[in-house]
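Read-outs throughout are calculated quantities, based only on the coordinates presented, and are distinct from any laboratory measurement. Keep in mind that what you see is a predicted model, and the values were worked out from it rather than measured. Every residue, glycine as well, gets a Cβ built from its backbone with ideal geometry; the counts of neighbours run over all protein chains shown.
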Amino acid sequence: MSSTASRLARVLIAVVAAVVAAALGYLVFVDLPGGSLARLLGVLLTIGVAILGIRMARRYSEHRFAPYNVGQVSVEGPIARRPGRSLSTPPVMVTADDIVEQIEAADADDAVRALVVHLDTPGGEVVPSDDIRRAVEDFDGPTVAYATDTCASGGYWIASGCDHIVAREGSIVGSIGVIASRVTGEGLLERLGLTYERLVAGDYKDAGVALRDMDDDEREYLQGIVDDYYQTFVDRVVSGRDLDEDDVMDTQARVFLGEDALERGLVDDIGAADTVEEWIEAELDEAVTIREFEPQIGFADRIGMGAERVAFALGAGLSSVLVDDGDGATDFEFR
């Protein structure tokens, strides 16, 4: 059905529902009761019933004659399980679980025949990134990743699970690697006259704790975890992109601009939103209309997270002046 016919059908359903609801309301609340006060109350109730009928009809018509056939979800900013922030990353407003929920909602919508995953993310936590990828792989229909500014690390983990990847010419793509960083505070504790009393059950229970330096065994143990995550990442890319493992490892966790990423087989096309739509149109053999699926975030939450982003940006700017970036990383997380 064309978009014009679909729009007319929705309007017709709403009008019919309003007339039926108003007539029923008039019969029940106005025509039968006696007395002027009762009739006035009946008129008000009739109006309410008519409005309710219109709303119900609109919901039905939007489902039955949906003006879209493609869903889109966005992965923006750090990928994490919970909202909030760390010292080294901007605040997380939309969690991985929120994104998975929207992908599943798009898949459950009978009108949605394809999915666009818009990516502008530096990456994040491993398992939440994999949860989003799995939801994309489970989607019943063609899937295309659209990388705009940045599609790195966990973002590329997700993108490599899509059927097709489109990047901008200036997009930053790749970073197929894992990092575990930590700050060491043992020297500071010594200057303050403080000591770390170690009470653990299990030799590696406090491996990586920031209050003391790691020994060689702990470093080897934690590096082994990082290596395992890295091999899983490589395996995901190899299977999703049909690339040779050596070629993926040869990227050495570097990022590439769009054209370089295309030459390495990390993306399929260089273009913008129209390129994404053209690919979907060829897959579906029909015109494309996209609906954005996004979680509901309250006004207060938006204001709060916006303020935190501003504070983070200000703090990052100050730290770049006051702190020597060559001293090492400042957090301990996998991404």
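As a length-normalised measure over Cα pairs under 8 Å and 6 or more apart, the relative contact order of the stretch 200-279 settles at 14 percent.
Electrostatic tally near Cys151: other residues with Cβ closer than 10 Å to its Cβ, Lys and Arg +1, Asp and Glu -1, net -1. The simple spin-label model puts a point 7 Å past each Cα toward its Cβ; for Ala287 and Glu220 those points are separated by 6.6 nm. By the gyration tensor of its Cα atoms, with a ≥ b ≥ c the square roots of the eigenvalues, what is the shape of the stretch 110-167: rounded for a/c under 1.5, prolate for a/b over b/c, or oblate? Oblate, because a/c is 1.5 or more while a/b does not exceed b/c. Which FRET efficiency, nearest 0.05, do Arg198 and Asp269 yield, Cβ-Cβ r, R0 51 Å? Result of the calculation: an efficiency of 0.40. Using Cβ point charges alone (K and R +1, D and E -1), the dipole size of the stretch 126-280 about the Cα centre works out to roughly 700 debye.
Averaging 1/r across all pairs of distinct Cα atoms in the stretch 155-209 and inverting the result yields a Kirkwood radius of 16.0 Å.
On alpha-carbon atoms, Rg over Rh for the stretch 176-289 using Kirkwood Rh? Working shown, then result.
Values: Rg = 22.7 Å, Rh = 18.5 Å.
Checking Rg against Rh, the ratio lands at 1.23.
Placing unit charges on the Cβ atoms only, positive for Lys and Arg and negative for Asp and Glu, gives the stretch 114-193 a dipole magnitude near 240 debye about its Cα centre. Distances between every pair of Cα atoms in the stretch 126-234, grouped in 5 Å steps from 0 to the bin holding the largest one, split as 2, 10, 15, 15, 13, 11, 9, 9, 8, 5, 3, 1, 0 percent.
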